[in-house]
Amino acid sequence: MAEGRITPTFSHGTTTALVLVAAVAAIGGLLFGYDTGVISGALLFIQKDFALDGLQQGWVAGAVTLGALVGAPGAGALADRFGRRLTNMAAGVLFIVGSLLGAFADGVQTLVIGRLVVGLAIGVTSVAAPMYIAEMAPARIRGTLVSLFQLAITVGILLAYVVDTGLAGSGSWRWMLGLAVLPGALLVVGMLGLPESPRWLVKRGRTAEARTVLGRVRAGGLVEGELAAIASDVAHEQTAPWSELLAPTIRPALVVGMGLAVLQQVTGINTVIYYAPEIFESAGFASAQAALGATMGIGVVNVLSTIIAIWLVDRVGRRPLLLVGLAGMVSSLVVLGAGFRGDVHAGIGPVTVACLALYIVFFAFSMGPIVWLMISEIYPTRIRARAIGVATASNWGANFLVTLTFPALRQALGSGATFWLFAAFGVLALVFTWRRVPETKGKSLEEIERVWVHHLPLR
Ligand code: BGC
């Protein structure tokens with residue numbers, strides 16, 4: 001029995017086992033960031049090697065998003081049936097297979113299949129990793145631990161920028177894609193040594209195992225109260241059918257999750273993440289080199305600003321960070337748009353860099369981490385996996401639409417008006433957050449469930 005065991009602690013009573021759980025699961029985020037970021041640099045060389053036409057280029061670039069769209073809802077069902085841990089491991093295996101297929105592809109078909117498999121893995125990980133961390137974490141530091149997932153995404157994006165730039169001289173796109181095998185293997189091996197989520201175990205009637213796991217990840221081994229709360233939450237409740245997503249007690253949570261997921265994308269983040277070098281060039285940067293340097297800077301700012309969220313999310317709460325972050329994003333987008341109006345002149349470069357950097361800072365401590373966090377914590381256990389799957393799929397759908405239409409939008413409206421359009425969605429996101437998004441800081445997952453069931457006040 002775990003109660004008697006001395007549990008090694010990290011700080012403030014956080015067990016080392018728990019930090020390890022969050023760190024390993026977050027490797028999924030690293031792969032998510034790396035594999036979405038790496039393709040822009042690799043595409044240049046793939047295009048030459050395989051003589052791709054426009055449509056084939058679209059497939060190579062878009063396959064990951066398409067795979068993720070399928071993987072996300074699938075992951076929900078997998079996580080309910082086989083557990084959170086095995087689902088995360090499955091993502092790791094898919095990452096390895098997809099990366100190898102891409103790296104050794106002898107033609108465009110194999111390459112696209114490899115990218116689709118990597119996309120599936122990203123879809124699965126973007127559901128399973130935050131969910132697993134949220135279910136393992138004590139309420140007090142859940143925000144911090146789940147935000148590690150977003151930190152890992154940003155590190156992955158930065159790594160992709162660095163690898164792409166480093167290998168650009170030799171044009172080794174196979175290495176660019178293949179390097180993802182390493183973190184993929186780390187995810188699988190790391191997960192082998194980690195326990196299953198106690199909430200899932202209780203749901204499967206395996207209460208004794210759940211007690212042991214909680215003992216490992218709770219300092220002082222104080223688990224009985226929490227175990228009782230979980231048990232009463234999932235008592236008499238089988239995994240709910242899909243139709244339950246629309247039940248009156250679940251619907252408001254579904255709206256919040258899907259709303260935040262879509263708003264995270266339609267406020268334009270990935271036009272910056274995926275198209276930054278082009279934006280910098282069109283803003284008057286003289287050389288591709290300078291534009292790439294500025295892009296790398298954006299990657300660093302993204303990582304560093306995510307740390308602000310990790311530090312603050314369990315102290316000041318989710319709502320204040322979201323509201324301040326969104327206000328800042330809107331302001332930066334408005335100024336950015338204004339800078340692009342009229343002719344590009346010598347002065348626009350520094351203004352663009354400053355606005356883009358500020359926009360990233362504001363995104364990285366608000367919509368970036370908190371959307372993934374809220375999606376993973378606002379749903380009741382019996383429907384959580386499926387609801388996260390649906391919200392995550394909406395995130396990928398919106399991502400796909402925005403990145404697909406961005407070049408055309410810029411052509412039709414001009415860069416200035418396009419950024420103003422994102423700003424308008426930012427205003428919508430502000431109103432939505434103000435009116436609909438509950439504060440979940442410090443509440444247990446079971447307490448959050450009660451907010452919806454009993455219509456408790458949001459703030
Ligand atoms: C978003 C990604 C984005 C990344 C940027 C994530 O939260 O879901 O679409 O590329 O943040 O850091």
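The values are calculated or read from the model by the stated rules, or taken from the named source; none is laboratory data. Remember, it's a predicted structure, so these values are computed and weren't measured experimentally. Cβ placement follows ideal geometry from the backbone for every residue including glycine, while neighbour counts extend to all protein chains displayed. Ligands, DNA and RNA are stripped out before the accessible areas are found, and what is left, the full protein with its side chains, is counted by its heavy atoms. Shrake-Rupley method; radii C 1.70, N 1.55, O 1.52, S 1.80 Å.
Miscellaneous remarks
- Near pairs, Cβ below 8 angstrom, 6+ apart or cross-chain, from segment 51-66 (under 24 Å from residue 394 (Cα atoms)) to any residue that is not in a helix (DSSP H, G or I): 60/52
- Listed by first and then second residue, the pairs linking a residue in segment 434-459 that is in a helix (DSSP H, G or I) to a residue that is aromatic (Phe, Trp, Tyr), with Cβ atoms under 9 Å apart and 6 or more places separating them unless they lie on different chains, are 445/379; 448/379; 449/379; 452/379.
- Scanning segment 273-294 finds one or more residues that are within 17 Å of the chain's Cα centre (by Cα) and in a helix (DSSP H, G or I).
Let's see how each residue does on (1) open to solvent by less than 40 Å² (accessible area, probe 1.4 Å); (2) within 16 Å of the ligand (Cβ to nearest atom):
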position	(1), (2)
213	yes, no
216	no, no
229	yes, no
243	no, no
260	yes, yes
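- Among the candidates 134, 105, residue that is within 16 Å of the ligand (Cβ to nearest atom) and either in a loop (DSSP other than H, G, I, E, B) or open to solvent by less than 40 Å² (accessible area, probe 1.4 Å) (or both): 134
- Residue 269 satisfies every condition listed in (1) hydrophobic (A, V, I, L, M, F, W, C); (2) within 14 Å of the ligand (Cβ to nearest atom); (3) out of contact with any Leu (no Cβ under 7 Å at 6 or more places or on another chain); (4) open to solvent by 40 Å² or more (accessible area, probe 1.4 Å) except (4).
- Residue list for segment 179-233, filter: at positive phi and assigned to a helix (DSSP H, G or I): 220, 221
- Residue in segment 280-289 that is of a type in the set (Phe, Trp, Tyr), open to solvent by less than 20 Å² (accessible area, probe 1.4 Å) and away from the ligand (no atom under 16 Å from the Cβ) present: yes
- Against the numbered list (1) open to solvent by 50 Å² or more (accessible area, probe 1.4 Å); (2) at pLDDT 95 or above, residue 188 comes up short only at (1).
- Applying the condition of being over 28 Å from residue 216 (Cα atoms), under 20 Å from the mean Cα position of the chain (by Cα) and of a type outside the set (A, V, I, L, M, F, W, C) to segment 148-199 and asking which residue is farthest from the ligand (Cβ to nearest atom) yields 161.
- Pairs, first within 25 Å of residue 178 (Cα to Cα) and open to solvent by 10 Å² or more (accessible area, probe 1.4 Å) in segment 69-94, second of a type in the set (D, E, K, R) and not in a helix (DSSP H, G or I), C-beta under 9 Å, six or more apart: 85/196; 86/196
- Failed item in (1) out of contact with any Pro (no Cβ under 8 Å at 6 or more places or on another chain); (2) assigned to a helix (DSSP H, G or I), with residue 95 passing the rest: (1)
- Index of the failed condition, residue 167 passing every other in (1) open to solvent by 40 Å² or more (accessible area, probe 1.4 Å); (2) touching a Leu at 6+ places or on another chain (Cβ under 8 Å); (3) of a type outside the set (S, T, N, Q): (2)
- When every residue of segment 391-403 is checked against the conditions, none turns out to be more than 14 Å from the ligand (Cβ to nearest atom) and not hydroxyl-bearing (Ser, Thr, Tyr).
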